[in-house]
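Worksheet: the structure to be examined is printed underneath.
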Amino acid sequence: MSLTIRGSAKARDQPSCNGFFCRMVCLPKCIFGGFSRVIGRRNQYQPSDLQLQHPQLLHPPVVPEDWAFLVSFEQQYGTTHPFFYACNFMQALKIAEDEHKLMFMYLHSPEHPFTHSFCSRTLSSELVVQFLDANFVCWGAIADRGEGLQMAATLQPASFPFCAVIAPAAGNNMAVLQQMEGPIDPAELVEILQRTMEEQGSAFGTTVRGREEERMRARIKEEERIKARAKEQEKLRADRQLREEQDAAYFVALQRDQEKENLRNARAQKPIEASNQTNYQNPGQMHREKQLGKPRQSSSVGEAQYKETTTHGKDTQILIRFPGGERREHNFSCTDKILSIYRYIDSLGLPGIANYRLISSFPRRVYSFDQMGMTLKDAGLHPRASLFVELL
C-alpha cells in the first residue's frame, strides 16, 4: 500500500492511480454538520418522458446547490451518465451505508483540459454507467463551489478529473479506498474499481454489515427488555388482583360468621327474656347503683319519678334509639349528668335492655361508666342529641 506521490507537471498530465491504499480523512464541519434538501430515493431523480421530450422542463429555473453539478454535466454531455444522487455528501454516504455499497465520488472541474474527454468518453460510456449503477452509490460536485470545494480542499487532488472510492467510517471520518487523478479510459476505470471492490471493498462491506447487525441486535435486545418489563407488570397486576379477590372473599366469610353468631346469641337470649318478663330486674342498673352507692328503685317507681320531675327548666332534648328500632325522647337539664340518661333508660323497664352503653353517631363517642359524672353540656349533648343503646 502507498499514498499518492505528487510529481512534476509532466507526471500530472498522465493518468494517475495511486495503487491500493486506505486512508482515513476527517470531514470538514461544514460538510459533516451541514443541512441540505433531501431529494429522496433513486426513482425520484429519473426524468419523465415529457421532460426528455422537452429538456427545458428537466430542471427548475433556479438551480439548487445539490443540482448544480448534474445540471452542468447534462447541459454539456447529455443524460447518459452514471446515476448521481442530487443530495449533499453526508446523505449520499448514508445511502451507501444503508445499501451496503461503496461510494464513487467525482469532482468536476469544467475548465480543466482533461475534463471534456473524461466526461464525454469515460463517464458517458455504457460500460462505466452500468458498472457504477450496479455496484456503487455515485455522487458528484463542482470542484470550485459548495461541497465540491470543501472536498477538494480536504483531499487535495493533484490533477483533474478526480475520482475516489469512499467508504463510511466511524464518527466524522471517511475512508478513502482509492483515488484516481487525470484522464483514464472506460476499461481501465472499470478494472481499477473492480480490483478495489475485490481487495478492500469486502472488508469495509463487512464493517458496514457488522454495524447494521449490531444495530439489529441492539433493537432485538431493547424489544426483549420491553417485553420482559411488560410481562413483569402483567404479573404484578395479576398478583394484586388475586390479593384483592382473596381479601374480598375473606371479608364476606367474616361477615357471614358474624351474622351467624348474632343469630345464635339472639336465640339464646329469648328464653332468658321470657323468664324475666314477669319480674324484671336490670342488672346493669343494679351495677351502676352499686358503684354510685345509691339504693335501687323499682322500674315503675323510677319511671314515675322521671315523669314527676319533668319541669319547664329542662333545656336539653335527648333522642334514644334502642336495638329493636324503638325510640324514646326525653328532656333533661344541661346540668344533669350522663347517669341521668342511664337512670331514665333503666326506668323504662324494657325487656332485653340490661348491660348496655350509650353511643353517639356523629361524631362517634362512647358514654360508659367513666363518663357517668359528666354533665350533658360538657359531654356535648346540649341542646339536642341522639344516642344509640348498644348491648354488651
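For a quick protection proxy, order the peptides 319-329, 365-375 by their average other-Cβ count within 10 Å, most packed first. Please list the in-between numbers first.
Details: 319-329: 12.5, 365-375: 14.4.
Output ranking for 319-329, 365-375: 365-375, 319-329.
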- Per 5 Å bin, what percent of the C-alpha pairs of region 60-126 does each bin hold, from zero upward? 3, 15, 25, 22, 19, 13, 3, 0
- Excluding ligands, DNA and RNA, the carbon-plus-sulfur percentage of the accessible area of region 65-211 with a 1.4 Å probe reads 50 percent
- Note on the structure: Put LYS337, LYS101, LYS377, LYS231 in order of accessible area, largest first, probe 1.4 Å, and you get LYS231, LYS377, LYS337, LYS101
- Packing-based ranking, highest mean first, of 180-188, 349-357, 249-257, 109-117 given that Cβ atoms within 10 Å are counted: 180-188, 349-357, 109-117, 249-257
- HN-Hα couplings for region 83-99 via Karplus (6.51, -1.76, 1.60; θ = phi - 60°), in whole Hz with x for Gly/Pro, come out as 6, 9, 6, 8, 8, 7, 4, 5, 5, 5, 5, 5, 4, 4, 5, 5, 8
- Item | Whole-Hz ³J(HN,Hα) from phi, Karplus 6.51 cos²θ - 1.76 cosθ + 1.60, for region 376-392, glycine and proline x | 5, 5, 5, 7, x, 9, 9, x, 8, 7, 10, 10, 10, 8, 10, 6, 9
- At a 1.4 Å probe radius, which order do TYR342, TYR77 fall into by accessible area, largest first? TYR77, TYR342
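Please state, as a whole number in µm²/s, the translational diffusion coefficient that the Stokes-Einstein equation yields for region 65-211 at 37 °C and 0.692 mPa s, with Rh defined as the Kirkwood radius across alpha carbon pairs.
Numbers: Rh = 15.2 Å.
The estimated diffusion coefficient comes to 215 µm²/s.
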- Item | Considering only region 316-391, percent of DSSP beta bridges that pair antiparallel, nearest 5 | 75 percent
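Under a Cβ-only charge scheme (Lys and Arg +1, Asp and Glu -1), can you give me the dipole magnitude of region 54-160 about the Cα centre, in debye to the nearest 20? Could the numbers behind the result be given before it?
Working: 4 positive and 11 negative charges, 34 e Å.
So the magnitude is around 160 debye.
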- Of the candidates PRO363, LEU376, VAL389, the farthest towards the positive dipole end of region 332-392 (Lys/Arg Cβ +1, Asp/Glu Cβ -1, centred on the Cα centre) is PRO363
- Item | Ratio of the Cα radius of gyration of region 151-200 to 2.2 N^0.38 Å, where N counts its residues | 1.23
- Note on the structure: Non-local residues with an amide H under 5 Å from the amide H of ALA143, with H modelled 1.01 Å from N and Pro and chain starts lacking one, are HIS108, SER109
- Task: Find which of GLN194, GLN91, PHE162 sits farthest along the positive direction of the dipole of region 83-203, computed with +1 on the beta-carbon of Lys and Arg, -1 on that of Asp and Glu, about the Cα centre.
- Result: GLN91
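How fast does region 316-391 diffuse by Stokes-Einstein, in µm²/s, taking the Kirkwood radius from C-alpha pairs at 20 °C and 1.002 mPa s?
Working: Rh = 12.3 Å.
Estimated diffusion coefficient is 175 µm²/s.
The values are calculated or read from the model by the stated rules, or taken from the named source; none is laboratory data. In this text the structure is predicted, and so the values were computed from the model without any measurement. Note that we place each Cβ from the backbone using ideal geometry, even for glycine, and neighbour counts take in every protein chain shown. Note: areas computed on protein heavy atoms with side chains; ligands, DNA, RNA excluded. Shrake-Rupley method; radii C 1.70, N 1.55, O 1.52, S 1.80 Å.
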